[in-house]
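This report concerns only the one structure given below.
The values are calculated or read from the model by the stated rules, or taken from the named source; none is laboratory data. What you see is a predicted model; the values in this text were computed from it and never measured. No Cβ is skipped: glycine too gets one built from the backbone with ideal geometry, and neighbour counts run over all protein chains shown. Just so you know, the surface numbers come from the protein's heavy atoms only, side chains and all, with ligands and any DNA or RNA stripped out. Shrake-Rupley method; radii C 1.70, N 1.55, O 1.52, S 1.80 Å.
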Amino acid sequence: MLLETEAVTKVFGGRRGAAKLRAVDGVTLKAEPGKFVAIVGESGSGKSTLARMMLDLMRPTSGRVLFDGEPLDSLRGEAHRSFRRSVQAVLQDPSGALNPRKTVVRAIGEVIRLHAMARSAADVQRRVCDALEQVGMNPAEHFLDRYPHELSGGQRQRVLIARALVLEPQIIIADEAVSALDASVKAGVLRVMVDISQRLGIGYVFITHDLPVVRKVADEVCVMKDGAVVEHGPKNAIVHDPQHPYTRTLLAAAPELDDGGNSDSTGREAKKP
Ligand SMILES: Nc1ncnc2c1ncn2[C@@H]1O[C@H](COP(=O)(O)OP(=O)(O)OP(=O)(O)O)[C@@H](O)[C@H]1O
Ligand SMILES: [Mg+2]
């Protein structure tokens, strides 16, 4: 299973004489299960626009996005449903992503029902509990009837990840998924994301401003500037031997992740979600 972009371009504007903006400019990229692709680049470089096109939330001006070799706009029936399940989004949560009036079991359960992933109410609940446990919310029963405001920011983000996981995705597109979280909480949520990638073989397209995170977890790094990819390759090559001046500037500005050896910083939140 593969999600790839072929020279996708998105042009905004141009109406009523307004200047056109090539927000994404000829980007070719592959996402696949088990691979962690980090996308970095300054604000406005087109990262979220690229993510929206990969999620089929926005159509490219030119170029194509392919799922298993088929252009997204040609997917019908079961192929389209398969795309909808296999490629999930986890976006930043300034608490807008969860409906304040829905409990955790309802928010996750309705996704399961919508995609007909369970046969009975008991089955739905079992799957919700499984997903919560996958993201370190133990015991799951403890969280089922809570509303978003009764959860911490880190827990809300874990619920969003659990909601993506119930569909058994192969690729998760995460746009600044941990950026809003406090440093210690961020490390815990990040560890959950890396852990499910390794355990369940999920692939990531992981958009972040956070170079230390990239240094730590990415397999591949894709550097964007003004809509275009200026450098793309295995993490070690990019981190240790950046070719493009812009990548050098980015790396020079980013501190090493203070990891305390084997991640003391990641432990706290995960043990006590
Ligand atoms: N719907 C839209 N209409 C017009 N312009 C847009 C639209 N969406 C984004 N843009 C513009 O496209 C450019 C790229 O935006 P995008 O959100 O993809 O950047 P980004 O790399 O995600 O930035 P950030 O790191 O701040 O999230 C920006 O200049 C933005 O103003
Ligand atoms: Mg963005």
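Taking the stated definitions as given, is LEU55 out of contact with any helix residue (DSSP H, G or I) (no Cβ under 8 Å at 6 or more places or on another chain) and surrounded by 14 or more Cβ atoms within 10 Å (Cβ to Cβ)? Please lay out each step first, then the result.
Numbers: out of contact with any helix residue (DSSP H, G or I) (no Cβ under 8 Å at 6 or more places or on another chain): yes; surrounded by 14 or more Cβ atoms within 10 Å (Cβ to Cβ): yes.
It is true that LEU55 is out of contact with any helix residue (DSSP H, G or I) (no Cβ under 8 Å at 6 or more places or on another chain) and surrounded by 14 or more Cβ atoms within 10 Å (Cβ to Cβ).
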Looking at region 47-57, which of its residues are more than 8 Å from ligand 1 (Cβ to nearest atom) and either in contact (Cβ under 8 Å) with a residue 40 or more places away in the chain or assigned to a helix (DSSP H, G or I) (or both)? MET53, MET54, LEU55
Unmet criterion (only one of (1) modelled with pLDDT of 95 or more; (2) open to solvent by 60 Å² or more (accessible area, probe 1.4 Å)) for ARG119: (1)
Exactly one condition in (1) within 22 Å of GLN198 (Cα to Cα); (2) small (Gly, Ala, Ser); (3) within 15 Å of ligand 1 (Cβ to nearest atom) is not met by SER43; state its number. (1)
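Is region 145-155 home to any residue that is acidic (Asp, Glu) and touching a helix residue (DSSP H, G or I) at 6+ places or on another chain (Cβ under 7 Å)? Let's see the steps before the verdict.
Of all residues in region 145-155, those acidic (Asp, Glu) come to 145, 150.
Next, from what is left, pick out any that are touching a helix residue (DSSP H, G or I) at 6+ places or on another chain (Cβ under 7 Å): 145.
Looking for residues that are acidic (Asp, Glu) and touching a helix residue (DSSP H, G or I) at 6+ places or on another chain (Cβ under 7 Å), one finds at least one in region 145-155, hence yes.
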Restricting region 47-64 to residues that are away from ligand 2 (no atom under 13 Å from the Cβ) and of a type in the set (D, E, K, R), the one nearest to ARG22 (Cα to Cα) turns out to be ARG59
Among the numbered conditions (1) of a type outside the set (Phe, Trp, Tyr); (2) buried (at least 20 other Cβ atoms within 10 Å of the Cβ); (3) modelled with pLDDT under 95, tell me where GLY153 comes up short. (2)
The number of residues in region 182-234 that are open to solvent by 10 Å² or more (accessible area, probe 1.4 Å) and within 16 Å of ligand 1 (Cβ to nearest atom) is 10
Of the residues VAL24, VAL11, which is among the aliphatic types (A, V, I, L, M), touching a residue at least 40 places away in the same chain (Cβ under 8 Å) and out of contact with any Gly (no Cβ under 7 Å at 6 or more places or on another chain)? VAL11
Pair list, Cβ < 7 Å and 6+ apart or interchain, from region 32-43 residues that are within 19 Å of GLY69 (Cβ to Cβ) to residues that are open to solvent by 10 Å² or more (accessible area, probe 1.4 Å) and in a strand (DSSP E or B): LYS35/GLU220; VAL37/GLU220
Region 126-142 residues that are charged (D, E, K, R), paired with ones that are assigned to a helix (DSSP H, G or I) and open to solvent by less than 10 Å² (accessible area, probe 1.4 Å) (beta carbon under 7 Å, 6 or more apart): ARG127/ILE112; GLU133/ALA140
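Given the condition in a helix (DSSP H, G or I) and either open to solvent by less than 40 Å² (accessible area, probe 1.4 Å) or away from ligand 2 (no atom under 13 Å from the Cβ) (or both), answer yes or no: does some residue in region 21-40 qualify? Lay out the reasoning, then the answer.
Start the filter on region 21-40 by keeping residues that are in a helix (DSSP H, G or I), which leaves none.
No; the residues of region 21-40 include none that is in a helix (DSSP H, G or I) and either open to solvent by less than 40 Å² (accessible area, probe 1.4 Å) or away from ligand 2 (no atom under 13 Å from the Cβ) (or both).
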The conditions are (1) of a type outside the set (A, V, I, L, M); (2) under 23 Å from PHE36 (Cβ atoms); (3) surrounded by fewer than 19 Cβ atoms within 10 Å (Cβ to Cβ), and GLU110 fails exactly one of them. Which is it? (2)
